[in-house]
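Contents: one structure, followed by commentary.
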Amino acid sequence: MTSPGEFPRPHTSTEAATDATTGAPAATLTAGPDVPAGFTVRPATSDEWRRVAEWAAAENWNPGLGDVDCFHATDPDGFFVGHLDGQLVSSVSVVDYSPDYAFLGYYLVHPDFRGRGLGLATWRAAVPHAGDRTIGLDAVPAQEDTYRRSGFSTAYRTTRYRGRPVRPGTPAAPVVPVTADRLDEIAAYDRQCFPADRRPFLARWLTAAGHHAYAQVRDGRVAGYGVIRPARDGYRVGPLFADTSRGAEAVFDALTSHLGPQDEVHLDIPDPHHSARSLALSRGLAPDSHTMRMYTGPVAPVRPERGYAVTSLELG
């Protein structure tokens, strides 16, 4: 991997690919030296990113069924694919959330094309999209040292919990379904838990087909909220933010109340949050795998004690 300040800048190639959605030319980026002839990198169309989501499913990442539509629209120019002789072979997303913060995910190479430097070439072409922003990512443990050599530092470990949720006897606290009129309140609350304003993303995430969102409202204000969505395997909860553990329990129980007895739930919890871990264990979930949250620099301050589950390992 390259180190900070050494990422090559993108430029328009003399060749141009065609965007399958709009028919407009899509700029091709330089992929760096020592890559096979015929290899190019460019922003992905939505249809191409659906193929990338299939790769993620094959890697047991368990993407949500509607993730592509919610994710790709967040920063359409930040989803990159590599083509070798016209065939889709690699991917990485570098989503710019704000002038200060970006998040990297979906760093994948099709199994038939690994070991040829195509992933690194895709990375080198795509990362400049973030400019001078701090970049965050969730790394599998085996790649933590590789990312460190590229200028990332580990902030904390995130553990995925999964299982069939136990039904509590009595609701911990009252919650309400999230409605459109609360979007501004939810976005303002979310900004205290996430290092960038992501209101446009939340407008899609809260209302996407199959998604269920609940909020705890205390003394007339939002004191926590969460979203559950169908995934390839069961359901994924994220985010789950709350002022208190009692509020987090209430939101989690509301989110899972419509599930059948055989339905499994997955959620990703920052390890420093002991109350979040206790919540998962009390509802019958067990640790399944973990990743490392890493950054290239400082991020805007948040309220980590409110973070009971991250939104997505692919988009932060």
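The values are calculated or read from the model by the stated rules, or taken from the named source; none is laboratory data. Keep in mind that what you see is a predicted model, and the values were worked out from it rather than measured. Here Cβ is always computed from backbone atoms with ideal geometry, including for glycine, and neighbour counts include all displayed protein chains. Heavy atoms of the whole protein, side chains included, go into the accessibility calculation; ligands, DNA and RNA do not. Shrake-Rupley method; radii C 1.70, N 1.55, O 1.52, S 1.80 Å.
Data for the structure
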{"quantity": "So T207, is it in contact (Cβ under 8 Å) with a residue 24 or more places away in the chain and under 23 Å from P301 (Cα atoms)", "calculated": "no"}
{"quantity": "Residue count, the range 254-274 (criterion: open to solvent by 10 Å² or more (accessible area, probe 1.4 Å) and either part of a loop (DSSP other than H, G, I, E, B) or among the aliphatic types (A, V, I, L, M) (or both))", "calculated": "12"}
{"quantity": "Scan of the range 276-290 for residues that are hydroxyl-bearing (S, T, Y) and under 20 Å from G226 (Cα atoms), ordered by number", "calculated": "S278, S282"}
{"quantity": "When residues of the range 62-96 are limited to those that are among the aromatic types (F, W, Y) and more than 12 Å from the chain's Cα centre (by Cα), the one nearest to Y161 (Cα to Cα)", "calculated": "F79"}
{"quantity": "Exclusive hit being under 24 Å from D243 (Cα atoms) and touching a residue at least 40 places away in the same chain (Cβ under 8 Å), set P195, P128", "calculated": "P195"}
{"quantity": "Meets criteria (of a type in the set (K, R), closer than 16 Å to P168 by Cα and either within 17 Å of the chain's Cα centre (by Cα) or open to solvent by 50 Å² or more (accessible area, probe 1.4 Å) (or both)) for R246", "calculated": "yes"}
{"quantity": "Pick from the range 298-316, criterion at negative phi and small (G, A, S), ranking: most open to solvent (accessible area, probe 1.4 Å)", "calculated": "A300"}
{"quantity": "Among the residues listed as P43, P63, P111, P128, the single one being closer than 21 Å to W205 by Cβ and of a type outside the set (D, E)", "calculated": "P63"}
{"quantity": "Residues that are aliphatic (A, V, I, L, M) and open to solvent by less than 10 Å² (accessible area, probe 1.4 Å), drawn from the range 112-134", "calculated": "L118, A121, A125, A126, V127, A130"}
{"quantity": "Unique match (being without any contact (Cβ under 8 Å) to a residue 40 or more places away in the chain, among the acidic types (D, E) and in contact with a Gly (Cβ under 8 Å, 6 or more places away or on another chain)) among D75, D112, D96", "calculated": "D96"}
{"quantity": "Output for the range 139-183, where each listed residue is loosely packed, with under 15 Cβ neighbours inside 10 Å and of a type in the set (D, E, K, R)", "calculated": "D145, R149, R167, D181"}
{"quantity": "Residues of the range 277-297 satisfying the condition of being over 19 Å from the mean Cα position of the chain (by Cα) and either of a type outside the set (A, V, I, L, M, F, W, C) or surrounded by 16 or more Cβ atoms within 10 Å (Cβ to Cβ) (or both)", "calculated": "R277, S278, L279, A280, S282, R283, G284, L285, P287"}
{"quantity": "Neighbours by Cβ (under 7 Å, 6+ apart or cross-chain): first from the range 210-239, open to solvent by 40 Å² or more (accessible area, probe 1.4 Å); second of a type in the set (D, E)", "calculated": "D233/E264; Y235/D263"}
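Residue-by-condition table, conditions (1) of a type in the set (K, R); (2) over 20 Å from the mean Cα position of the chain (by Cα); (3) assigned to a loop (DSSP other than H, G, I, E, B):
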{"residue": "D138", "(1), (2), (3)": "no, no, no"}
{"residue": "D145", "(1), (2), (3)": "no, yes, no"}
{"residue": "R160", "(1), (2), (3)": "yes, no, no"}
{"residue": "A173", "(1), (2), (3)": "no, yes, yes"}
{"residue": "A187", "(1), (2), (3)": "no, no, no"}
{"residue": "F194", "(1), (2), (3)": "no, no, yes"}
{"residue": "A203", "(1), (2), (3)": "no, no, no"}
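Rundown of residues vs (1) at pLDDT below 95; (2) touching a Leu at 6+ places or on another chain (Cβ under 7 Å); (3) open to solvent by less than 70 Å² (accessible area, probe 1.4 Å), yes/no style:
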site	(1), (2), (3)
V41	no, yes, yes
E48	no, yes, yes
E54	no, no, no
D67	no, no, yes
A73	no, no, yes
H83	no, no, yes
P99	no, no, no
